Amino acid sequence: MPRQTIKLRVLGGDAITELQYQSSAGFWVRSGKREYLLTVGHAANSNHLEFYYLPPEGELDFTLIGQMVIRQTSGVDMGYIMKNNNTEGVIVCKSGFSTHVTCGKIAGIRDSISRQSDGLVLYDVVISDMECREGDSGGPVYQYLEELLPTVLLVGMVFGGGDDFCLFHPVRTILLPDMQVIVA
């Protein structure tokens, strides 16, 4: 499914969805330079953390708001959806056996790519400009959330790369249904 980045301001009370259930947007908050849409934590199924705007007409156009990065359902029911204006240019880091920790910017997202060596098609690929070598495959890709330190947001898992690029799959692509991350 093609994704778009959010080009409009979601208002309190507007419909949002994680593709399984609908709920209402709460209100916008800011921490440091990042903006978050606050809503209830139970709006997210633990397997569906990406939220989309649901227009009043009710026809989903896949306008991505962002990913729920903090979710709490006991005590206080709250969820913070990090606004995802533009994924390209976002700084991510990875930890791997060969090159250890390297960081770079997201250069692009592709629905699919074909490997030249054998024609194998790989889906849902994120490309960054950080170094990744043989032996780094399987390592986590993450983003530091400075205003919420020591929190990091798990972004994906490395599967290929070279001197000046790294290929990884987003977390939502590699987790099986009913699976959630415990520790990165």
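From largest to smallest, what semi-axes in whole angstrom does the range 91-174 give when each is the square root of 5 times an eigenvalue of its alpha carbon gyration tensor? Write down the numbers at each step before the final one.
On the way: eigenvalues 94, 40, 22 Å².
For the range 91-174, the semi-axes come out at 22, 14, 11 Å.
Assuming a ≥ b ≥ c are the square roots of the Cα gyration tensor eigenvalues, decide whether the range 4-83 counts as rounded (a/c under 1.5), prolate (otherwise, with a/b larger than b/c) or oblate.
Taking the square roots of the gyration eigenvalues as a ≥ b ≥ c, the range 4-83 is oblate.
Can you pull the one-decimal nm distance between simple spin-label points at Glu146 and Ile109, each 7 Å off the Cα toward Cβ?
It is 2.3 nm.
For the chain, would you read off the P(r) tail past 21 Å as a percentage of all alpha carbon pairs?
52 percent
Quickly rank 169-176, 99-106, 52-59, 135-142 as a protection proxy: mean count of other C-beta atoms within 10 Å, highest first.
135-142, 99-106, 169-176, 52-59
Every number here is computed from the coordinates shown, using simple stated rules; none is lab data. All values derive from a computational prediction rather than experimental measurement. Neighbour counts run over all protein chains shown; Cβ positions are idealised from the backbone, glycine included.
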